[in-house]
Amino acid sequence: MTGSNSCRRFAQVAVFLVFMAAAAHSSTAWQATSTAASPVWQRPPATAAAPTPVPVTLADILRGAYGPYRVNNDLLSYHLDIRVDPEKQTVSGKNSIRFKMLQDGTRIQLDLHSALGVDKVLLGTTPLQFVRDSGAVFVDFPQMLRAGQEYTIDFYYSGHPLTTARFGGFTFGKDPAGRPWIYTACEDIGASDWWPNKDQWRDEVENMQISVAIPNGLVDVSNGKFLGKTDLGDGYTRWDWLVQYPINNYDVALNIGNYVHFSDQLGDLPLDFYVLPEDLEKAKKQFAQAKGMIEAYEHYFGEYPFKKDGYKLVEVPYSGMEHQSAVAYGNHFTNGYLGRDWTGVGVSPKFDFIIIHESGHEWFGNAVSAADRSDMWIHEGWTTYLEVLYVEYTFGHEDAQKYVNGYKAKVQNREPIIAERGIAATPPQDMYFKGALFLNTLRNVINDDARWWALIHDFYQHFKYQNIMTEDVVAYFNQQTQLYLTPLFDQYLRHTAIPTLELKFNEADGTVDYRWQADEPDFAMPIRVGKRTDWQIIQATTYWQTMKTPLKKSDFDVATDLYFVNVSKE
Ligand SMILES: [Zn+2]
């Protein structure tokens, strides 16, 4: 309850600061801001009692909100054309940003970390004025840009990008043999850590070209299809890559090293693998798992989503990352996760967790993407569930049930899975494990596997290449199933606690009273109870109901491996 009040207060601060930021930069901002913010605050804040919220800063809002100078334009393409100097540890060059105006305006918001310098921004040959505010770069145009018109600006920048966050942001490293190994992993800090872009989740370019000049002898593996390399004659070679699909900014990657390359095919899908020469033989064995992984996910969801760009695995020194069509791999060419049995039930040692998890993001995260970081469970909850599906397809249903239930030990139930919108807040780790357990629960609520497989297949296909929010997911599932699943989604995603099935036995009468204890007053979920070999399904709600049972309290079971719930017996 106290958490609820705090959340509300911080939300108001957030809205206020967006208005302040808008007002500070333009007199026309007020209208645009209210348009941008209107879908954001429809739902009351969750009743989390756990961690004290961190105050929201203006920088959080500039980064996380879909503000007035973001909402007024729609990205079309990027051409990132840069030079990376391993000696000086610098990046320099430009991003050509093509966009369509959705409203008349004279200003757009781009983003670049304050550690990097803006050299100039050009519209054709006209230099543009710009204002920097924490990570935001507000670009001003001398004339009104018209709604419906397309424009391209060249954003020149240079400097030493920050090495930070979980996987490094941008790292000038060395491989074990002492050769340069330079890589990016910036989902936490944002892609503007190392290149200028519209750094948010809602809007993606339709396609992107990536050109990277590096010293001769090194290899750059970026996203998309390899177009070729050009010797620039000054000791540098430019590597050109073409992404032919929408792409999240944070998925855009550089992997520069002394890579060797080998390739394979799955039907007409090209598979390309890049590893250090010392690891070639190990990689040839381990990366064979990529085929079975793609076959499993194609079975459930349909064709690999970035076929024209191909599928790649690229060795990196951190555990892994779902960089679109160029998945970063650092799991030491062994099964499990960094040598561990990841869910502790003997299933994870049968496969390479990083290949299976990070590549699952090609379907959820990269093809179906969340429009705001608050709803990142659409990436991580679904992809963790994809691991379960991979296990089911490859090793059978029993292993899949063991595997998903192994995740229970990792669930904390301290904060809701969906974080506050518009401030680039990272949801808690429960979005992975509880997210997957929730989807496994939903499968058993549907209680018809043929229907469930069709439902998740069609859900993926319906939202492929789109950026969506949880409301879109819930509306789709409600509409397709003709069930009112909103309280289920809300209980698992917007509250901390999982539902508890309360059972009160009256053994003399041979009856048991039952109801759900849940935060959602309309929570209603069928569940299997009674005898494990002969389940009975009860339609439990938050109101007491009574059922007959010949079973004693100690013999009365609940299918807690199929539904992620607590049970209390009296
Ligand atoms: Zn993931």
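Each reported figure results from applying straightforward, stated rules to the coordinates on display, with no laboratory input. Treat the numbers as computed from the prediction; the structure is a model and nothing was measured. Cβ placement follows ideal geometry from the backbone for every residue including glycine, while neighbour counts extend to all protein chains displayed.
A few remarks follow.
- Positions within segment 426-474 being among the small types (Gly, Ala, Ser) and farther than 30 Å from ASP188 by Cβ, in sequence order: ALA450, ALA454
- From LYS504, LYS531, LYS548, LYS553, residue being among the basic types (Lys, Arg) and either closer than 30 Å to TYR66 by Cβ or in contact with a helix residue (DSSP H, G or I) (Cβ under 8 Å, 6 or more places away or on another chain) (or both): LYS531
- Unique residue being touching a Leu at 6+ places or on another chain (Cβ under 9 Å) and not polar (S, T, N, Q) when the list is GLU362, GLU315: GLU315
- Selection within segment 483-525 - assigned to a strand (DSSP E or B), surrounded by 15 or more Cβ atoms within 10 Å (Cβ to Cβ) and either in contact with a Cys (Cβ under 6 Å, 6 or more places away or on another chain) or in contact (Cβ under 8 Å) with a residue 60 or more places away in the chain (or both): LEU501, GLU502, LEU503, LYS504, PHE505, MET525
- Matching residues in segment 353-372 - criterion: being more than 12 Å from the ligand (Cβ to nearest atom) and more than 11 Å from ASN467 (Cα to Cα): ILE355
- Selection count, segment 414-437, where residues are within 16 Å of the ligand (Cβ to nearest atom) and either in a helix (DSSP H, G or I) or at positive phi (or both): 8
- Residues of segment 438-482 satisfying the condition of being touching a residue at least 60 places away in the same chain (Cβ under 8 Å) and on the phi > 0 side of the Ramachandran plot: ASN447, TYR465
- Selection of segment 420-436 for residues being in contact (Cβ under 8 Å) with a residue 40 or more places away in the chain and within 12 Å of GLU380 (Cβ to Cβ) yields THR426, PRO427, MET431, TYR432, PHE433, LYS434, GLY435, ALA436.
- Residue count for segment 431-487 under the criterion of being within 21 Å of LYS408 (Cβ to Cβ) and basic (Lys, Arg): the result is 2.
- Filtered residues of segment 366-392 (kept if over 22 Å from PRO416 (Cβ atoms), in a loop (DSSP other than H, G, I, E, B) and either acidic (Asp, Glu) or touching a helix residue (DSSP H, G or I) at 6+ places or on another chain (Cβ under 7 Å) (or both)): ASN366
- If you go through segment 315-335 and keep only what is of a type outside the set (Ser, Thr, Tyr) and either more than 25 Å from CYS186 (Cα to Cα) or within 16 Å of the ligand (Cβ to nearest atom) (or both), you end up with VAL316, GLY320, MET321, GLU322, HIS323, GLN324, ALA326, VAL327, ALA328, GLY330, ASN331, ASN335.
- The set of residues in segment 119-173 being part of a strand (DSSP E or B) and aromatic (Phe, Trp, Tyr) consists of PHE130, PHE138, PHE141, TYR151, PHE155, TYR156, TYR157, PHE170, PHE172.
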